[in-house]
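Structure, as C-alpha cells:
The values are calculated or read from the model by the stated rules, or taken from the named source; none is laboratory data. For clarity, every value in this text was computed on a predicted model and none was experimentally measured. Cβ placement follows ideal geometry from the backbone for every residue including glycine, while neighbour counts extend to all protein chains displayed.
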Amino acid sequence: MHIDLRDLRLFIHIAESKSLTRAAERSHLSLPAVSARVKELEAQAGVRLLYRAPRGVALTPAGQTLLQHARSILAQVEHMKSDLQRYGEGVQGHIRLFANTTAITEFLPEVLATFLAAHPQVDVDLQERLTGEIIRGVLDGTTDLGIVSGPVDVDGLDKLHFSTDQLILALPPGHPLAQRERLRFAEAMDYDYIGLHEGSTLATFMDGLMQKSRHKLHIRVQVSNFESVCRMVEAGVGIGIVPASAARRHSHTMKIVTRPLDEPWALRERYLLTRRGDSLPAFTLALIEAIVAFPGHRDSRAA
C-alpha cells in the first residue's frame, strides 16, 4: 500500500472540515481532483473511508483509524524536519531518554543541567514513560536510553545497575503509625492517601499492587510530583508512599515523619537500559557516565 504524504494532509483537511469542497479549497485542488484522490485512498485501503451525504462527509470507523495514523505520521515528519534543521544550526548530537517519574523528578534535572552545560551542542529529549513503554522503546529503537526501577529480565537489553532507592511511608507528625519503627503495608492500607497523578510510574505500580491484594486505597488527593505529596502529608490531608530519596530531601523543609516499609517490593533497584549490540555515540556514553556518577545516588535507601 503506497500513500503519499499529500494525500494524508488532504484527508486531515476533509476530516476537519467535513466537506470535500472546503478541503479542496484548503488544499488548493479542484473538487474532482480531491474526489479522485479519496477514491484512490479507498481503493488502496480496500475499505470505505467516508460516508457521503448531501451536507458533507463523515468518517467511517476505518476513516477514523486512518485519521489517527495520518496525524501521527505527519507529526513525526515535522519532528524529523525540526531535528534535521537543528543539526544545520550546529547541533551535533541528539539523545532520546525515556525515564520513570522518580528519575525525572529526583535526579535527572541536576544530571542534565551539568551534562548539557558541558555538551552545548547536544540536545536531550526526555520523556516520562511507564516501565513497559520504556522497555519497548529501547527494544524497538524509539529511545536511545531508558531508566527503570525494579527487576528487568528481557532478552535484547543490556542493563546497568546504578543506584538503589526504597519506597517509604510519609506521615504527618502525630499520626498513629508514626510511633512504629517499621510497618507492613497492610497496616497502612485503610488510611487516607495522597497519590501521584494517573499514568505516573508509581501510581501504576500501586494500582497493580492493589489489584493483587484485592484492596483499594482511599486516594483523597492526586498531585503531580513528590514535593506536592509531602506538602499534603505535612498538612495532614493523608499519608503517602514516596521514594526515600525524595522524602529525605523534602524532610529538610517540611514537617513529615518517614517510616520504612517492611516489604520486598519496597526496595527499588535502578537500571539504565540500552539495546544489546547498539554502538552508542560518545556523547550518549558521556550521559550514561554522568548518570552513574551523580553523587545524589548515594545512600538512597531509608535508614
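Within region 26-41, the presence of at least one residue that is under 30 Å from Thr142 (Cα atoms), part of a helix (DSSP H, G or I), aliphatic (A, V, I, L, M) and at pLDDT 90 or above is confirmed. The set of residues in region 29-46 being touching a Ser or Thr at 6+ places or on another chain (Cβ under 8 Å) and either within 17 Å of Gly63 (Cβ to Cβ) or among the polar types (S, T, N, Q) (or both) consists of Val34 alone. Counting only residues that are of a type in the set (Lys, Arg) and either surrounded by 18 or more Cβ atoms within 10 Å (Cβ to Cβ) or touching a residue at least 40 places away in the same chain (Cβ under 8 Å) (or both), how many does region 206-230 have? The qualifying residues number 0.
Checking His13, His79 one by one, the residue that is outside the structural domain of Ala293 (by TED's automatic domain parsing), exposed (fewer than 13 other Cβ atoms within 10 Å of the Cβ) and not in a strand (DSSP E or B) is His79 and no other.
Among the strands (runs of 3 or more DSSP E) confined to region 214-303, the ones with at least 1 residues that are closer than 25 Å to Ala118 by Cα are located at 267-275. Please find, within region 140-160, the residue that is nearest to the chain's Cα centre (by Cα) out of those that are loosely packed, with under 15 Cβ neighbours inside 10 Å and either among the aliphatic types (A, V, I, L, M) or closer than 15 Å to Asn100 by Cα (or both). Checking each candidate, the answer is Gly150.
For region 53-65, the set of residues classified as farther than 14 Å from Glu16 by Cα and in contact (Cβ under 8 Å) with a residue 24 or more places away in the chain is empty. None of Pro109, Pro120, Pro151 is farther than 21 Å from Leu280 by Cβ and either assigned to a loop (DSSP other than H, G, I, E, B) or hydrophobic (A, V, I, L, M, F, W, C) (or both) except Pro151.
Considering only residues of region 90-129 that are over 20 Å from the mean Cα position of the chain (by Cα) and of a type in the set (Val, Ile, Thr), which is farthest from Val229 (Cα to Cα)? Only one residue tops the list, namely Val91.
The condition (being buried (at least 17 other Cβ atoms within 10 Å of the Cβ), farther than 16 Å from Leu177 by Cα and of a type outside the set (Lys, Arg)) is satisfied by just one residue among Leu285, Leu273: Leu273.
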